[in-house]
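Sharing a structure here in structure tokens format.
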2 protein chains.
Amino acid sequence: MPEFTPDFLAAQLRAASVKVTRPRLRVLACLSRAASALTHGELEERLAEGEGGGLDRVTLYRVLDSLLECGLAERTLDARGVYRFLLSSIRAAHAAHAHFHCQRCGGITCLEQMVAPVATLPTGFVARQVEIEVRGLCVNCSPVGGAAR
Amino acid sequence: MPEFTPDFLAAQLRAASVKVTRPRLRVLACLSRAASALTHGELEERLAEGEGGGLDRVTLYRVLDSLLECGLAERTLDARGVYRFLLSSIRAAHAAHAHFHCQRCGGITCLEQMVAPVATLPTGFVARQVEIEVRGLCVNCSPVGGAAR
DNA sequence: GCCTGATTGCAACAGGGTTGCATTTGCGGC
DNA sequence: GCCGCAAATGCAACCCTGTTGCAATCAGGC
Ligand SMILES: [Mn+2]
Ligand SMILES: [Mn+2]
Ligand SMILES: [Zn+2]
Ligand SMILES: [Zn+2]
């Protein structure tokens, strides 16, 4: 878990041979502080509040594109079909275990004890990620769990 | 695996206390013939070709809604964030095993030999589905597999 | 056959994401 | 430090998937 100082982030960009710009640094900083993957809209809001003011919608999309392309960030789809962006280094920490998606409240819970199995593939296929997603109702949403409380 | 005759489909609708209408029968028939889950757009195209002509965009969405609501169909998000619809009866046949998603061509391959593990959850959580998704490059897209051919 | 609520069709809208193009800026070379 | 140029930014306009409102039509219980 790196420190995510401005200098560190700039170094990351240079290492990826991507130009160091204010928008990119601000987006990286924002993503490094985020507790979980953020949508474009959430990033836009947070950036608007921070000093330096708002970032253009399209510029934000293009900054995110550049981060995806150089491998510093990744994106996933949430249940509504909206992209959520997060730093690759943060995502890596969640790659090995399964995740629970609550079908009612949309909340996500790490299932550290459920480890991804090794993929057994037909010849010629190459696996890069194995993702286990468990769907159902979380404690707060299941009748058993606590909704009745 | 049912026969998916028009009469059978109509019976399915009646059993679900959903009115039997031409649009609904046509959509069900289309889904029952599909090799895999279809997007709204794909359904629209196929229906436009079949006899009876095109179906209104919105009507198609609402027909699909009614099929979701009564449990005859289900939908998932594809990698682009677009909904794909399929008959629940067809989906059930794929619930037990993992699927491979090619990151280049978008193709999906059944991994029948990879079986979903039993979910081990914190107390209060209720699992309804466990999905294993393997991502990477398929035979045709991996350098090893056949792109060089 | 009639009646009524459900379904259809059309138009207009919403939100996320993309494209085109002129202006500005990072940064390698001098 | 200054130049030059490709890359990045900002703004406007656009596209695509999915939704909402509303009047006209239809399925199916009576
Ligand atoms: Mn996790
Ligand atoms: Mn399958
Ligand atoms: Zn929940
Ligand atoms: Zn492929």
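What does the helix-only formula give at 222 nm for chain B: each DSSP H stretch with n ≥ 4 adding -39500 (n - 2.57), the total divided by the residues, and the result rounded to the nearest 500 deg cm²/dmol? Intermediate results must be reported in sequence, preceding the final value.
Numbers: 5 runs with 50 residues, N = 149.
That calculation yields -10000 deg cm²/dmol at 222 nm.
Further, regarding this structure: May I ask you to order A:27-33, A:3-9, A:69-75 by the average number of other C-beta atoms within 10 Å around their residues, highest value first?
The most tightly packed comes first, giving A:27-33, A:69-75, A:3-9.
What is the average number of partner chain Cβ atoms found within 10 Å of a Cβ in A:36-43?
That average works out to 0.
Report the antiparallel proportion of the DSSP beta bridges in the protein assembly as shown as a percent, rounded to a multiple of 5. It would help to have the intermediate numbers written out before the result.
On the way: 35 of 43 bridges.
Percentage antiparallel, nearest 5: 80.
Remind me, relative contact order of chain A in percent, using alpha carbon pairs under 8 angstrom and six or more residues apart?
Numbers: 175 pairs, mean separation 23.9, N = 149.
Relative contact order for chain A comes out at 16 percent.
Counting only DSSP beta bridges with both residues in the stretch B:31-149, what percent are antiparallel, rounded to the nearest 5?
Working: 12 of 16 bridges.
Counting only bridges with both partners in the stretch B:31-149, antiparallel ones make up about 75 percent.
While we're on this one: Skipping prolines and chain starts, which residues have an amide H placed within reach, meaning under 5 Å, of the one on residue B:103, given they are 5 or more residues away or on another chain?
B:136, B:137, B:138
To test your reading of the geometry: what angle, between 0 and 90 degrees and rounded to tens, separates the Cα axis of helix B:40-49 from the longest principal axis of chain B?
50 degrees
Using a 1.4 Å probe over the heavy atoms of the protein chains, calculate the carbon and sulfur portion of the accessible area of the stretch A:53-126 as a whole percent.
Using a 1.4 Å probe with all protein chains present, the stretch A:53-126 comes out at 56 percent carbon and sulfur.
Right, next: Taking each label point as 7 Å beyond Cα in the direction of the beta carbon, state the distances from residue B:133 to the same residue in the other copies, shortest first, in nm.
Spelled out, the distances from residue B:133's label point are 0.4 nm.
Using a 7 Å offset from Cα along the direction of the beta-carbon, what are the separations from residue B:35 to the same position in each other copy, nm, ascending?
4.6
Take every residue in peptide B:113-121, count the Cβ atoms of other chains within 10 Å of its Cβ, and give the average of those counts. Kindly include the intermediate steps, with their values, before the conclusion.
On the way: counts 3, 6, 1, 3, 7, 1, 8, 5, 10.
Mean partner-chain Cβ count within 10 Å for B:113-121: 5.
Moving on. Need one number: nm distance between label points at residue B:127 and residue B:21, each 7 Å from Cα along Cα→Cβ, rounded to one decimal.
4.0 nm
Could you give the radius of gyration (one decimal) and Dmax (whole number) of the Cα atoms in the protein assembly as shown, in Å?
Rg, Dmax (Cα atoms, Å): 22.3, 68.
Classify the stretch A:6-90: rounded, prolate or oblate, from the alpha-carbon gyration tensor (a ≥ b ≥ c, eigenvalue square roots; a/c under 1.5 rounded; otherwise prolate if a/b is larger than b/c)?
It comes out oblate by the Cα gyration axes.
Report, for residue B:68, each distance to the same residue's label point in the other copies, shortest first and in nm; define the point 7 Å along Cα→Cβ.
Spelled out, the distances from residue B:68's label point are 2.3 nm.
Am I reading the A/B interface right? What is its buried accessible area, both sides, 1.4 Å probe, to the nearest 100 Å²?
Between A and B, the summed buried area is about 3000 Å².
Provide, as a two-decimal number, the C-alpha radius of gyration of chain A over 2.2 N^0.38 Å, N being how many residues it has.
1.22
Considering only the other residues whose Cβ falls under 9 Å of the Cβ of residue A:103, what net charge follows from Lys and Arg at +1 and Asp and Glu at -1?
Numbers: positive: A:104, A:135, B:128; negative: none.
Around residue A:103, the charge tally is +3.
Average partner chain C-beta neighbours within 10 Å, per residue of A:69-77?
1
May I pose another question? With a 1.4 Å probe and every protein chain left in place, work out the accessible area per residue of chain A in Å², rounded to a whole number.
Result: 58 Å² of accessible area for each residue.
Shifting gears a bit: Which loop GluC sites (Glu not before Pro) in the stretch B:20-67, with loop taken from DSSP, have no more than 15 other Cβ atoms within 10 angstrom of their Cβ?
For GluC sites (Glu not before Pro) across the stretch B:20-67 that sit outside H, G, I, E and B with at most 15 neighbouring Cβ atoms in 10 Å, the list reads B:51.
The values are calculated or read from the model by the stated rules, or taken from the named source; none is laboratory data. Remember, it's a predicted structure, so these values are computed and weren't measured experimentally. In this analysis, Cβ positions are derived from the backbone assuming ideal geometry, glycine residues included, and neighbour counts consider all displayed protein chains. Side chains included, ligands, DNA and RNA excluded: accessible areas come from the protein's heavy atoms. Shrake-Rupley method; radii C 1.70, N 1.55, O 1.52, S 1.80 Å.
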